[in-house]
Amino acid sequence: MKNKNIEIIENKNGLPISVIIPLSKHREWFFNEHVLPMIQINQPSEIIINRNKGTAPTKRNHGFKRSKKKYVFFCDDDIVLPKSLLKTFYDVLERNKDVGYAYCGYTGIVFDPKNHPMKGNFSINSTDFDSEKLKKGNYISTMSLMRREVFPKFDESLNRLQDWDLYLTMMNKGITGKFVKNMRFMAFYLDQGITNNTNDIHLAHHKIKEKHSI
């Protein structure tokens, strides 16, 4: 049965990449005007937009089930990509068969500084893959390009830090990533999102550390 809340945009001449977006209704205007056009410029062969109700991890996992391509890229609905990001990541993974995913840093643009923990615009520079550093905290964005076969699915029971959990899960299976220094995307924090007070960051850290015994 087709799900009318899941839209699939295909480009037969595109890169063998499925871009999966968990779209929130209140961000659709920003997504349509700024996010989707830059994804399309990146030329993936498949874009899956999940408008169903539910958490972002659930919508990402459901989108993955519908995807078909060799590589997958989970893109939030407030992310603006540079025009060559997917091709750059793709080339990195094609050259480095020993890594499971490629990632980079990003710049955060905060629309409501008073209600965001960073209190203003910020940069996350990331770093080369380091397993010991990853055990202490996450430095890898959700927006990485990964090989389809290494994706372990997002833990839908977690309210926060699902990306950190994802990379720890892969690390525990011997899967590492490749940092791309010359690439960066922009994340637009249009609202509080998961940073609101109902998602306690200290509790989230405790859950991750307990799950992975770190």
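Within region 84-112, residues that are assigned to a helix (DSSP H, G or I) have Cβ atoms under 9 Å from residues that are crowded, with 21+ Cβ neighbours inside 10 Å and polar (S, T, N, Q) in these pairs: LEU85/ASN42; LEU86/ASN42; LYS87/ASN42; PHE89/SER144, counting only partners at least 6 apart in sequence or on another chain. Can you confirm whether region 19-29 contains a residue that is of a type in the set (S, T, N, Q) and either in a helix (DSSP H, G or I) or buried (at least 21 other Cβ atoms within 10 Å of the Cβ) (or both)? No, that holds for no residue. Comparison of ARG95, ARG148 shows that the only residue that is over 15 Å from VAL180 (Cα atoms), among the charged types (D, E, K, R) and modelled with pLDDT of 95 or more is ARG148. Being in contact (Cβ under 8 Å) with a residue 40 or more places away in the chain, surrounded by 14 or more Cβ atoms within 10 Å (Cβ to Cβ) and in a strand (DSSP E or B), is that true of even one residue in region 165-178? Among the residues of region 165-178, at least one is in contact (Cβ under 8 Å) with a residue 40 or more places away in the chain, surrounded by 14 or more Cβ atoms within 10 Å (Cβ to Cβ) and in a strand (DSSP E or B), which makes the answer yes.
Scanning region 139-153 for residues that are of a type outside the set (Val, Ile, Thr) and surrounded by fewer than 19 Cβ atoms within 10 Å (Cβ to Cβ) yields ARG147, ARG148, GLU149, PRO152, LYS153.
Considering only region 101-111, I want to know if a residue exists there that is more than 20 Å from THR142 (Cβ to Cβ) and touching a strand residue (DSSP E or B) at 6+ places or on another chain (Cβ under 6 Å).
No, the conditions are met nowhere in region 101-111.
Per the listing GLY100, GLY108, the residue uniquely surrounded by 19 or more Cβ atoms within 10 Å (Cβ to Cβ) and within 16 Å of the chain's Cα centre (by Cα) is GLY100.
LYS59: basic (Lys, Arg), crowded, with 18+ Cβ neighbours inside 10 Å, touching a residue at least 24 places away in the same chain (Cβ under 8 Å) and over 22 Å from ARG184 (Cβ atoms), yes or no?
Working: basic (Lys, Arg): yes; crowded, with 18+ Cβ neighbours inside 10 Å: yes; touching a residue at least 24 places away in the same chain (Cβ under 8 Å): yes; over 22 Å from ARG184 (Cβ atoms): yes.
In short, yes.
Residues in region 1-11 that are more than 15 Å from LYS70 (Cβ to Cβ) and either assigned to a loop (DSSP other than H, G, I, E, B) or not acidic (Asp, Glu) (or both): MET1, LYS2, ASN3, LYS4, ASN5, ILE6, ILE8, ILE9.
The single condition among (1) within 30 Å of TRP29 (Cβ to Cβ); (2) at pLDDT 95 or above that ILE194 does not satisfy is (2). Say we look at region 37-53 and pick out the residues that are under 15 Å from the mean Cα position of the chain (by Cα) and hydrophobic (A, V, I, L, M, F, W, C); which of these is surrounded by the most Cβ atoms within 10 Å (Cβ to Cβ)? Result: ILE48.
GLU156 meets all of the listed conditions (1) surrounded by 14 or more Cβ atoms within 10 Å (Cβ to Cβ); (2) modelled with pLDDT under 95; (3) out of contact with any Phe, Trp or Tyr (no Cβ under 8 Å at 6 or more places or on another chain); (4) among the charged types (D, E, K, R) but one, namely (2).
In region 72-87, is there at least one residue being buried (at least 17 other Cβ atoms within 10 Å of the Cβ), among the hydroxyl-bearing types (Ser, Thr, Tyr) and at negative phi? Let's see the steps before the verdict.
Step one: list which residues in region 72-87 are buried (at least 17 other Cβ atoms within 10 Å of the Cβ), which gives 72-81, 85-86.
Still in the running and among the hydroxyl-bearing types (Ser, Thr, Tyr): none.
Checking region 72-87: not a single residue is buried (at least 17 other Cβ atoms within 10 Å of the Cβ), among the hydroxyl-bearing types (Ser, Thr, Tyr) and at negative phi.
Would you say LYS69 is in contact (Cβ under 8 Å) with a residue 40 or more places away in the chain and either more than 16 Å from the chain's Cα centre (by Cα) or part of a helix (DSSP H, G or I) (or both)? It is true that LYS69 is in contact (Cβ under 8 Å) with a residue 40 or more places away in the chain and either more than 16 Å from the chain's Cα centre (by Cα) or part of a helix (DSSP H, G or I) (or both).
The values are calculated or read from the model by the stated rules, or taken from the named source; none is laboratory data. Fair warning: this is a prediction, and the values are worked out from it, not measured in the lab. Virtual Cβ from ideal backbone geometry, glycine too; neighbours counted across all protein chains shown.
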